[in-house]
Amino acid sequence: MRFPILVVPAPSSRASKRARGRFQTRTLALAVAQELRQCVGDAEYADVLDLQGVAAKSVASSNKAGRASRIRGHVCIKPRNRAVLRDRMVVLVDDIVTSGATLHECASVLHRHGARVVAAVALAVVPPRSDR
């Protein structure tokens, strides 16, 4: 049986969603899923990740190690979605990549639950300090 590719948004904290008034990676992931359906015919949006216990925004951490430390252990799978991930291909979607720590942590969590992350896409990338 062939399953659709899951398009998974990187999670945002509840505080970030409240401050912005939206879950912006959701909007991006929905657009990616729609485009994939037109290209490959079989993709669906899946909001399976959650972010818990994070107080500071990722960009507030001053360096790569700080951003990685901030997110490590705080990304989890929403309980009702654990079974859905086994042997599924996943495309991760984020809004901005600063260090890659969020995408790395999300991919690690998805992998531990049996998913296979085949791609990660982002709207923007912050160049390393040496490139600015």
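A short reminder: the numbers here are calculations on the coordinates, not readings from a lab. All values derive from a computational prediction rather than experimental measurement. So basically every Cβ, Gly included, is an ideal-geometry build from the backbone, and we count neighbours across all protein chains shown.
Conditions (1) of a type outside the set (D, E, K, R); (2) under 13 Å from the mean Cα position of the chain (by Cα), marked per residue:
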site	(1), (2)
V84	yes, no
R88	no, no
S99	yes, no
L103	yes, yes
C106	yes, yes
R116	no, no
V121	yes, yes
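So which residues in the range 98-121 are surrounded by 18 or more Cβ atoms within 10 Å (Cβ to Cβ) and aliphatic (A, V, I, L, M)?
Selection gives A101, L103, A107, V109, L110, A115, V117, A120.
Let's see how each residue does on (1) more than 25 Å from R37 (Cα to Cα); (2) in a strand (DSSP E or B); (3) in contact (Cβ under 8 Å) with a residue 12 or more places away in the chain:
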{"residue": "C76", "(1), (2), (3)": "yes, yes, yes"}
{"residue": "V91", "(1), (2), (3)": "no, yes, yes"}
{"residue": "D95", "(1), (2), (3)": "no, yes, yes"}
{"residue": "S99", "(1), (2), (3)": "yes, no, yes"}
{"residue": "E105", "(1), (2), (3)": "yes, no, yes"}
{"residue": "V117", "(1), (2), (3)": "no, yes, yes"}
{"residue": "V121", "(1), (2), (3)": "no, yes, yes"}
{"residue": "A124", "(1), (2), (3)": "no, yes, yes"}
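Considering only residues that are within 18 Å of R26 (Cα to Cα) and of a type in the set (D, E), look in the range 84-97 and name the one that is surrounded by the fewest Cβ atoms within 10 Å (Cβ to Cβ).
Filtering the range 84-97 for residues that are within 18 Å of R26 (Cα to Cα) and of a type in the set (D, E), the one surrounded by the fewest Cβ atoms within 10 Å (Cβ to Cβ) comes out as D95.
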